[in-house]
Amino acid sequence: QVRLVESGGGLVQAGGSLRLSCAVSGRIFNINTMGWYRQAPGKQRELVALIRTAGNIIYSDSVKGRFTISRDNAKMTVYLQMNSLKPEDTAVYYCNVNSGSTSDWGQGTQVTVSS
């Protein structure tokens, strides 16, 4: 059973920073990608940032230059450093791990940015 546990969400003023963490445990093989998605009220879940095992990184246009994704393979943890936060970044942030045959999600962590 694969388990993803996110942490680091909270309330921050516009312009502030937060760092999200996602710890992965359990039996999982051949990870292709680890990433972060978000879902704001009334909107569809969208990709924020993705890092492939080969090292390629993808960011959504809305967060480029402000967010940085990284991973620690030894700790099986993926991080999302979020700087210069804006009210429109407010959402529930979800961690995802994709191994090709499986796709696992965390429970989500709320990020609220006040103006």
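Rolling a 1.4 Å probe across all protein chains gives Phe67 an accessible area of roughly 10 Å².
Could you tell me the relative contact order of the chain? Use alpha-carbon pairs under 8 Å, at least six residues apart, and round to a whole percent. Computed over the chain, the figure is 37 percent. Each label point was placed 7 Å from the Cα along the Cα-to-Cβ direction; for Ala23 and Asn73 their separation is 2.1 nm. Distance from the alpha carbon centroid of segment 1-48 to that of segment 63-115 works out to 3 angstrom.
For segment 1-52, count all C-alpha to C-alpha pairs, find those more than 13 Å apart, and express that count as a whole percent of the total. Counting every Cα pair in segment 1-52, those more than 13 Å apart make up 72 percent.
If N is the number of residues in the chain, what value comes out of its Cα radius of gyration divided by 2.2 N^0.38 Å?
The reported ratio for this selection is 1.01.
In terms of packing, defined here as the mean over residues of other Cβ atoms within 10 angstrom, the peptides 16-22, 84-90 line up highest first as 16-22, 84-90.
The values are calculated or read from the model by the stated rules, or taken from the named source; none is laboratory data. Worth saying up front: this structure is predicted, and the values here are computed from it rather than measured. Methodologically, a virtual Cβ is constructed for each residue, glycine included, from the backbone with ideal geometry; neighbour enumeration extends over all protein chains shown. We work out accessible area using only protein heavy atoms, side chains counted, and drop any ligands, DNA or RNA first. Shrake-Rupley method; radii C 1.70, N 1.55, O 1.52, S 1.80 Å.
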